[in-house]
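Below: the structure, in structure tokens.
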Amino acid sequence: MRQKITPILSAIMVILALQLNYAKAQQVVLFHENFDSVLIKGQYPLPTGWHCTKPTTNVLDSLSYGYHIDSTGFSAGTYSNSSAGLYGAGMVDSASGKNHITIKNVEDSTGWYNLYMPSISTLNKTGIQMIWGSRISNSFIADGSAVPQLWFSVDNGATWDSITHQDSPGGSAWGFVNGGVNINFPSKAENKAALMIRFTQHIQYYSGGTYRMDDVWVWGTTSNTGSGINNVVENNSFAIVPNPAADKFTITSNDVKNGKVVITDLIGQTVRAINNCNFPVSVERNNLPNGVYFVQINNQQNQTIAVKKLIIE
């Protein structure tokens, strides 16, 4: 068997793949919380997946012990962030009655308080970034309480790494932390099934002052993870029928014996792999969502013979 692929044809197929946004990096929202889903303001509940602990007592989500949902101290206006990836969002609530999360330095005693976010998947994502809005009472800092430290864990909380950031300047005014510039996570946080994020804060017991949070955002960037699309090859002896497909499709090849079929999505993630194929091969759709995929045929030497576009609808 001999395959002759001209450079012009290869270039055309690469351009086609690029037009399909296969290898295009794109920033996507991985998490957003504005706390407005909580209908009962006060000590219960925090949004699903959030929890607050005071290590010395391990009391969860209590108005007297740590963070709770509040609607007072709302912003008299709005603030915005011009950092890439915000999609024009990130405006703090500007109407009375909207919620945010609050911790006061009128808690039970001096101590450390941890606020845990729901775990976030960063699989196939790079460039993890985060930001949130905050409002700090002057008396909160003056009385000896501290703004929260930011930590993350990729091993289910066994170990934690800190991330440096700057908080809002205070003065009881809402603003995005870090001067409105997204906080960058190290590469250790990328491509993880469960990224845990924690805020750790020291509270000095006194008669007044609060730290408030709203509009918590986390982003990641999708990119080509390397499925060999730059070696796209058109081969007329290789066919997918039907295409578009609904429930199942059949792959035929006149040239390959005991080959391998690899099906990837548009970001290069393998969604199906079939070894030692004797064509034709019938493939059930199973749980594959609607969309565009690439079907790659490899020979016994694991060399790519052809790649074709597959549409499932």
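Quick notes on this one:
- Residue-by-residue Karplus 3J(HN,Hα) for the range 165-177, coefficients 6.51, -1.76, 1.60, Hz, glycine and proline x: 7, 10, 8, 5, x, x, x, 6, 10, 6, x, 6, 5
- Sorted on the mean count of surrounding Cβ atoms within 10 Å across their residues, most packed first, peptides 278-289, 242-253 read 242-253, 278-289.
- Using the Karplus relation 6.51 cos²θ - 1.76 cosθ + 1.60 with θ = phi - 60°, the per-residue 3J(HN,Hα) values for the range 149-159 come to 8, 9, 9, 9, 9, 10, 10, 6, x, 5, 9 Hz, with x marking Gly and Pro.
- Accessible surface of Lys192 - all protein chains present, 1.4 Å probe, nearest 10 Å²: 60 Å²
- Within the full protein context, the accessible area of Asp36 is estimated at about 50 Å² for a probe radius of 1.4 Å.
- Pairs exceeding 27 Å between alpha-carbon atoms, taken from Lys125/Lys308; Lys192/Lys248; Lys188/Lys308: Lys192/Lys248; Lys188/Lys308.
- Long-range amide H partners of Leu195 with built H, under 5 Å: Ile120, Ser121, Thr122
- Full-extension gain in nm, Asn254 to Lys188, via 0.36 nm per residue minus C-alpha separation: 19.2 nm
- Arg285/Gln166 FRET efficiency (R0 51 Å; Cβ-Cβ; nearest 0.05): 0.55
The values are calculated or read from the model by the stated rules, or taken from the named source; none is laboratory data. Predicted, not measured: the structure shown is a model, and the values here were computed from it. Every residue, glycine among them, receives a Cβ derived from its backbone with ideal geometry; neighbour counts consider all protein chains shown. Quick note on the areas: whole protein, heavy atoms, side chains included, nothing else; ligands and nucleic acids left out. Shrake-Rupley method; radii C 1.70, N 1.55, O 1.52, S 1.80 Å.
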